[in-house]
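Right, one structure below, let's go through it.
The values are calculated or read from the model by the stated rules, or taken from the named source; none is laboratory data. All values reported here derive from a predicted model rather than from experimental measurement. Here the Cβ positions follow ideal geometry from the backbone for every residue, glycine too, while neighbour counts run over all protein chains shown. SASA here: full protein model, heavy atoms, side chains in, ligands and nucleic acids out. Shrake-Rupley method; radii C 1.70, N 1.55, O 1.52, S 1.80 Å.
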Amino acid sequence: MIIIIIGPPGSGKGTVSERLAKEFGFFHLSPGELLREEVKKATIIGKEIQRYIEKGQLVPTHFVAEMLKLELKGKKKVVLDGFPRSLEQAESIQEIKIDRVINLDVSEKQVIERFAGRRICSKGTHGYHLQYLPPKKPGVCDEDGTLLVQRQDDKPEVIKQRFNVYHQESRPVLKYYQKKVQNVDAGKSPDEVYEQVKKILRL
Ligand code: ADP
Ligand code: AMP
């Protein structure tokens, strides 16, 4: 089963995907996470990728699509968190059968306040929120014990640009999948959002 999770920045795509991976063994495929790993390695490609991420722009599709297809190979149960983010990307995976497309529907106003409190573990895998999803021990990841950090691109001016990109490039993807899209009210608590997703997936 291949599921796509769509939604504006901060709508909870990573949070829902992480839970599906933990509870049901989905492979959580997040291009954002893979790209940040490449940036950390400081390779030539990593430095190129960083230029886009730090401006809140989409990394060119050829970088992302190739990487994504390699990761997808042979996997049967996948949740795609953050791909496709443009029509070009949706078309680049048209040969792949997508089972469900879930749209995390939430207003920009509501998610803006989530950014200041967002934290991720130093490995870049697990996400938290200081107020809404705090770790058991402050500042430390429950899963791998690494320190929690803020994402470099969670600055107000970059967030603004990421929203612009979402409206211009990513929203058309909803239309592309319109027959498959199922909406979730993502303005609710993390538990309520996850319950809605599970219901849609009949899990
Ligand atoms: P995305 O992957 O869509 O950018 P995240 O899953 O990283 O979004 O969530 C953004 C921030 O909001 C994180 O700090 C996360 O812990 C928190 N969060 C996720 N879902 C909810 C929710 N339903 N209510 C409040 N905060 C949430
Ligand atoms: P995310 O972790 O999903 O919030 O993504 C963080 C950043 O990674 C985005 O602002 C983009 O710069 C880049 N990125 C993530 N997914 C994609 C994608 N599908 N296509 C292009 N760039 C992406």
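Here are a few things to note about the model shown:
- Choice from HIS126, HIS28, HIS167 showing the highest fluctuation, given a GNM over the chain with Cα pairs closer than 10 Å: HIS167
- Mean residue ellipticity at 222 nm, helices only, the chain: -13000 deg cm²/dmol; runs of at least 4 DSSP H residues each add -39,500 (n - 2.57), and the sum is divided by the number of residues.
- Between the residues VAL111, HIS126, LEU147, the greatest Cα displacement towards the positive end of the dipole of the stretch 99-153, with unit charges on the Cβ of Lys, Arg, Asp and Glu, is found for LEU147.
- Backbone geometry of the stretch 14-24 corresponds, through the Karplus equation with coefficients 6.51, -1.76 and 1.60 at θ = phi - 60°, to 3J(HN,Hα) couplings of x, 5, 5, 5, 4, 5, 5, 5, 5, 7, 10 Hz, x marking Gly and Pro.
- Our coupling estimate for the stretch 77-86, obtained by passing each phi through the Karplus curve with A = 6.51, B = -1.76, C = 1.60 and θ = phi - 60°, is 10, 10, 10, 8, 10, x, 8, x, 10, 7 Hz, Gly and Pro reported as x.
- In Å², nearest 10: area of SER107 left accessible to a 1.4 Å probe: 60
- For ARG151, the residues whose modelled amide H falls within less than 5 Å of its own, excluding neighbours fewer than 5 places apart on the same chain, are ILE120.
- The chain: most fluctuating residue of LYS160, LYS137, LYS175 per GNM, C-alpha cutoff 10 Å: LYS137
- Computed over the chain: relative contact order in percent, which uses C-alpha pairs under 8 Å that are six or more apart: 31
- Count Lys and Arg as plus one, Asp and Glu as minus one, and take only other residues whose Cβ is under 13 Å from that of TYR176; the net charge is then +2.
- Whether the stretch 53-149 is rounded, prolate or oblate, judged on the alpha carbon gyration tensor where a/c under 1.5 counts as rounded: prolate
- Local electrostatic count, ILE112, Cβ distance below 12 Å [Lys/Arg +1, Asp/Glu -1]: +2
- Count Lys and Arg as plus one, Asp and Glu as minus one, and take only other residues whose Cβ is under 14 Å from that of VAL165; the net charge is then -1.
- A straight chain from LYS137 to GLU113 at 0.36 nm per residue would run longer than the Cα-Cα distance by 6.4 nm.
- Cut-off 17 Å, label 7 Å out along Cα→Cβ of LYS41, residues of the stretch 132-155 by amide N: none
- Close amide H partners of LYS77, meaning residues 5 or more places away or on another chain with modelled amide H under 5 Å apart, are PHE27.
- The chain shape via C-alpha gyration tensor axes, a/c threshold 1.5: rounded
- Here's how it looks for ILE6: its modeled amide H is under 5 Å from those of ILE102, ASN103, LEU104, which are all 5 or more places away or on a different chain.
- In a simple Cβ point-charge model (Lys, Arg +1; Asp, Glu -1; nothing else charged), the chain has a dipole of about 220 debye relative to its Cα centre.
- Beta bridges assigned by DSSP with both partners in the chain are antiparallel in approximately 30 percent of cases.
- Between PHE115, PHE163, PHE63, the Gaussian network model of the chain with springs among Cα atoms under 10 angstrom shows the greatest mean-square fluctuation at PHE63.
- For the stretch 103-114, 3J(HN,Hα) per residue [Karplus equation, 6.51 cos²θ - 1.76 cosθ + 1.60, θ = phi - 60°, Hz, x = Gly/Pro]: 9, 7, 8, 7, 6, 4, 4, 5, 7, 3, 6, 6
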